[in-house]
Amino acid sequence: MAFAWKSAGISYLKYSQICARVVRDSLKADKKAAAQVRNVQDIKFAKWQGGKAGESAYIVPPKTEA
């Protein structure tokens, strides 16, 4: 028996993203606000030379709340 996401022709990553979005959309307003905060992601990059990491910098700088 094939997995439903495979039968639909999507990857597991796409399937899990859809499931996460459905769960977030089904939350009540107070829980939805808390889930939105956890959804923020920051990515940093550091160039390695000689076995040591250089200075790290954000790929996309995080948004600051005003």
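Selection of the range 39-50 for residues being in a strand (DSSP E or B) and closer than 17 Å to Lys63 by Cβ yields only Lys44.
If you go through the range 1-20 and keep only what is under 26 Å from Tyr58 (Cβ atoms) and surrounded by 10 or more Cβ atoms within 10 Å (Cβ to Cβ), you end up with Ser16, Gln17, Ala20.
Quick one: in the range 21-33, which of the residues that are of a type in the set (Gly, Ala, Ser) and loosely packed, with under 10 Cβ neighbours inside 10 Å is modelled with the highest pLDDT?
Taking the candidates together, the pick is Ser26.
If only residues of the range 32-66 that are touching a strand residue (DSSP E or B) at 6+ places or on another chain (Cβ under 8 Å) and among the basic types (Lys, Arg) are counted, the one that is farthest from Ala20 (Cα to Cα) is Lys47. With the structure loaded, tell me whether Ser56 is hydroxyl-bearing (Ser, Thr, Tyr), outside any loop (DSSP other than H, G, I, E, B), modelled with pLDDT of 80 or more and in contact with a Lys or Arg (Cβ under 6 Å, 6 or more places away or on another chain) or whether it fails that test. It is true that Ser56 is hydroxyl-bearing (Ser, Thr, Tyr), outside any loop (DSSP other than H, G, I, E, B), modelled with pLDDT of 80 or more and in contact with a Lys or Arg (Cβ under 6 Å, 6 or more places away or on another chain). Looking across the range 1-38, the residues that are in a loop (DSSP other than H, G, I, E, B) and hydrophobic (A, V, I, L, M, F, W, C) come down to Met1, Ala2, Phe3, Ala8, Ile10, Leu27.
The values are calculated or read from the model by the stated rules, or taken from the named source; none is laboratory data. In this text the structure is predicted, and so the values were computed from the model without any measurement. A quick note on method: Cβ atoms are made from the backbone with ideal geometry, for glycine too, and the neighbour counts reach across all protein chains shown.
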